[in-house]
Amino acid sequence: MRKYRMKKKFMANILLFIFIFSVHNFTNFSYANERIVIAGGALTEIVFALGAGDQVVGVDSTSHFPQTVKQLPQIGYLKLLNIESILSLNPSLVISFNDTETDNILQQITLAKVAVLALKRVPATIDLLYENINKIAVKLDKQEKGQELINQIKKNLSNIQTQIATQPHKIKVLCIMNMGGSILIAGKNTTTDALITIAGGENLATHNSVKTYTTESLIAMNPEAIILTTHSINELGGLDKINTIPGISETEAFKNNRIIIIDDSYLFGIGPRVDDAVKILFQGFYPQ
């Protein structure tokens, strides 16, 4: 009888082990076989930086990095997402900023029995970036990779902050967005403003969001440095056409050749390449 009980207990332990092992492998299998659709360029970069890029099956039009995302199906612009395009990709998970449009689109996706991870886009701060990395890492079972990514960003930014502390004054900056005949300046509550601040500059534009400036306003503000995006340069027809922006040649920035060109993909939210963006701006603000 005792032998029988021991054998029964042994078999029970074996069955329990098999069950736990099966659940563990099923969980890992489900993590590894997500079909992820992403709305938000910074979020796309986080997923790829965590090593889960092979699970991404669709992105929005603000997703430009890494280059491979350009080959993925598009679901529309962040502020004008297409529900049919999203659901046609048969996603198991949609990762998105929570201020997407049209109204209730994330709710519609949830009602279609698709998991949604909605994350904050503003305020554009480093702390919010770390929060979003953590949340995505947990969702994708990539916590260790997430912490490694955060630690690397912190280290790189700390090195730049040490150099910023040695500068005698904050350089005065304006960022001119895409033109099309207008001078559009990025103000407060924008990714651009956050990057300028982190890189040790002072954004002269104190208005909220983006605003059209007159030639006279640009000349009067007289920035010491001007940021232009690659899109803006393309619209102008090349770097040699910068002087065709009305009023720019009258600024200290133009006279001292302190024009910084930055890729638009850095400006679609604070993402895991924030240290690269900040380094580009810092070196442009305070050239050696």
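For the reader, a short list of remarks on this structure follows.
- Where ILE176 falls short, out of the listed (1) exposed (fewer than 15 other Cβ atoms within 10 Å of the Cβ); (2) in contact (Cβ under 8 Å) with a residue 60 or more places away in the chain; (3) aliphatic (A, V, I, L, M): (1)
- Exclusive hit being farther than 30 Å from ASN151 by Cα and part of a loop (DSSP other than H, G, I, E, B), set PRO287, PRO246, PRO272: PRO246
- Selection count, the range 84-128, where residues are over 30 Å from GLN161 (Cβ atoms) and either touching a Pro at 6+ places or on another chain (Cβ under 9 Å) or not in a loop (DSSP other than H, G, I, E, B) (or both): 21
- For first residues located in the range 102-130 and closer than 26 Å to PRO272 by Cα, partners that are modelled with pLDDT under 90 and in a loop (DSSP other than H, G, I, E, B) and lie 6+ apart or on another chain with Cβ distances below 6 Å form the pairs ARG121/ASP99; ARG121/GLY269.
- Where a residue in the range 262-277 is in the same structural domain as VAL47 (by TED's automatic domain parsing) and its partner, wherever it lies, is of a type in the set (Ser, Thr, Tyr) and part of a loop (DSSP other than H, G, I, E, B), with Cβ under 8 Å and at least six apart: none
- The residues of the range 92-103 that are buried (at least 16 other Cβ atoms within 10 Å of the Cβ) and of a type in the set (Val, Ile, Thr), listed by number, are VAL94, ILE95, THR100.
- Which listed residue, of GLN147, GLN143, GLN161, is at pLDDT 95 or above, polar (S, T, N, Q), surrounded by fewer than 17 Cβ atoms within 10 Å (Cβ to Cβ) and within 23 Å of ASN189 (Cβ to Cβ): GLN161
- Per-region count, the range 63-90, residues under 17 Å from THR110 (Cβ atoms) and not polar (S, T, N, Q): 7
- Boolean, THR190 is surrounded by fewer than 22 Cβ atoms within 10 Å (Cβ to Cβ), closer than 22 Å to ILE153 by Cα and not small (Gly, Ala, Ser): yes
- Among the residues making up the range 42-83, none is in a loop (DSSP other than H, G, I, E, B), over 18 Å from LYS145 (Cβ atoms), over 15 Å from the mean Cα position of the chain (by Cα) and of a type in the set (Gly, Ala, Ser).
- Note on the range 227-249: residues that are exposed (fewer than 15 other Cβ atoms within 10 Å of the Cβ) and either closer than 16 Å to LEU174 by Cβ or free of Cβ contacts under 8 Å to residues at least 12 places away in the same chain (or both) total 8.
- Among all residues of the range 61-72, there is at least one that is surrounded by fewer than 16 Cβ atoms within 10 Å (Cβ to Cβ) and more than 29 Å from LYS154 (Cα to Cα).
- Scan the range 40-73 for residues that are over 21 Å from LEU128 (Cβ atoms), touching a Pro at 6+ places or on another chain (Cβ under 7 Å) and small (Gly, Ala, Ser) and the total you get is 1.
- Count - residues of the range 208-243 that are in a loop (DSSP other than H, G, I, E, B) and under 16 Å from ALA124 (Cβ atoms): 1
- Matching option when the condition is touching a Gly at 6+ places or on another chain (Cβ under 7 Å) and either charged (D, E, K, R) or surrounded by 14 or more Cβ atoms within 10 Å (Cβ to Cβ) (or both), among LEU106, LEU89: LEU89
- Scope the range 190-212; condition within 17 Å of GLY271 (Cβ to Cβ) and either in contact with a strand residue (DSSP E or B) (Cβ under 6 Å, 6 or more places away or on another chain) or assigned by TED's automatic domain parsing to the domain that holds PRO123 (or both); matching residues: THR192, ASP193, ILE196
The values are calculated or read from the model by the stated rules, or taken from the named source; none is laboratory data. Nothing here was measured: the structure is a model prediction, and the numbers come from that model. Backbone-built Cβ (ideal geometry, glycine too); neighbour counts: all protein chains shown.
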